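For reference, the structure discussed in these notes is given below.
Laboratory data are not the source of any read-out in this text; all were calculated from the coordinates shown. Since this is a predicted model, take the numbers as computed values, not measurements. Every residue, glycine among them, receives a Cβ derived from its backbone with ideal geometry; neighbour counts consider all protein chains shown.
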Amino acid sequence: MPNVQPFAISVRSVSKRFGATTVLDDVSLDVAEGEFVTLLGPSGSGKTTLLNIIAGFTEPNLGSVHFGAEEVTRLPPHRRGIGIVFQNYALFPHMSVADNVAFPLKARRLPATEIGERVAWALSLVKLAGYSGRRIGELSGGQKQRVALARAIGFRPRLILMDEPLSALDKQLREHMQIEIRALHDRLGATTVYVTHDQREALTMSHRIAVLNQGRIAQLADPEEIYNYPADAFVADFIGEAALIPVERIDDHSVRLEGTILRCGRPVPAAKDLLLVLRSEKLRLAAAGKENAFPVTVRSRVFQGDSQLLMVEIGSGVPLTFRLSTHVDTDGQLPHPGQQAYLSLHPEHAFVVRTHSG
């Protein structure tokens, strides 16, 4: 079956209140045709509410939603031409796999022959071609998730919305399905908006990520930009494992960390309350005097199989966790508790954010 012509989505100045609580505050978001955008944030950040407004399950108090040139702000969900995968899959346990996938097709009154073709196509696409006659209760969690995907794509929607569809799966299966869903998206070509609170999931699957915080989009960018150059302290702390260390601005491209001057590859904000974003994998053990090397004192060291975890202190006692991969060439060189060592940071990885955004 040929790819559909996907929707572009435009969310404009959307706000939503539930009673006295503002859940979304003047949110705007553009999603390009065929793009995979993830709404990422902690519980209560507004990501599911934003997805529900795009789906039509919730009406905004202010603002508008457009699919292409058509405004759909108050159009009911069943008239929006969207496929949806819910967190709990919402499958019918009394129906077979094929009947679950066929349900939205029958609701659209498609011919029986076409329904059969689309069901077979969708199940083949999610690798469940031999499961059409099984009951939902006979399936594993991963298979149920695939049935929900097949049902969402069976009528060839131009837009697919997913609300934490992998949250019930174990870690290994979850990671496998992340790759599968992204590959499915690339094959179908439909615009996809995906909700998760899992940062690694968002980094793995997305063209772009919208990080939400307290009802607003804190940053919208591709995964590398989000991870390496967070917009503010919230994004830096939420995405990946990072230590945020207070530093003093010296000039446009340098800061003082305790008594050490560090060069920064990107401009340093002209502000007082600044934090250096230190990610463990960006740090290296170094000799004293190396560029961007700063002294630390090792407090403890823990063997974790594939890595060694070092808990260190910078200068006057600022704590920092540092992880090194275990290897016969370097294990004997690791400092012991109580010893001083030096860590270095490449200027391109010396990134500074404001304590507060804005």
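Structure summary
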read-out: Residue-count net charge about Lys16 - beta-carbon cut-off 11 Å; Lys, Arg +1, Asp, Glu -1; value: -2
read-out: Mean Cβ neighbour count within 10 Å, used as a protection proxy, ranking 186-192, 320-326 highest first; value: 186-192, 320-326
read-out: The chain shape via C-alpha gyration tensor axes, a/c threshold 1.5; value: prolate
read-out: Global geometry of the range 241-354, whether rounded, prolate or oblate, following the gyration tensor of its Cα atoms and the 1.5 cut on a/c; value: prolate
read-out: Over the chain, relative contact order from alpha-carbon pairs under 8 Å, at least 6 apart, %; value: 16 percent
read-out: Pairwise label distance in nanometres, Ile179 with Glu248, each label 7 Å out on the Cα-Cβ vector; value: 4.9 nm
read-out: 30 Å Cα-Cα reach of Lys272 towards lysines, excluding residues that sit fewer than 8 places from it in its own chain; value: Lys282, Lys290
read-out: Check: the range 25-157 dipole with +1 on Lys, Arg Cβ and -1 on Asp, Glu Cβ, in debye; value: 760 debye
read-out: Mean separation of Cα contacts under 8 Å (6+ apart) over length of the range 241-354, as relative contact order %; value: 33 percent
read-out: Ellipticity estimate at 222 nm from DSSP helix runs (n ≥ 4, -39,500 (n - 2.57)) divided over the chain, nearest 500; value: -7000 deg cm²/dmol
read-out: Pairwise label distance in nanometres, Phe92 with Ala120, each label 7 Å out on the Cα-Cβ vector; value: 2.2 nm
read-out: Ordering of 111-121, 39-49 by packing [mean C-beta count within 10 Å, highest first]; value: 39-49, 111-121
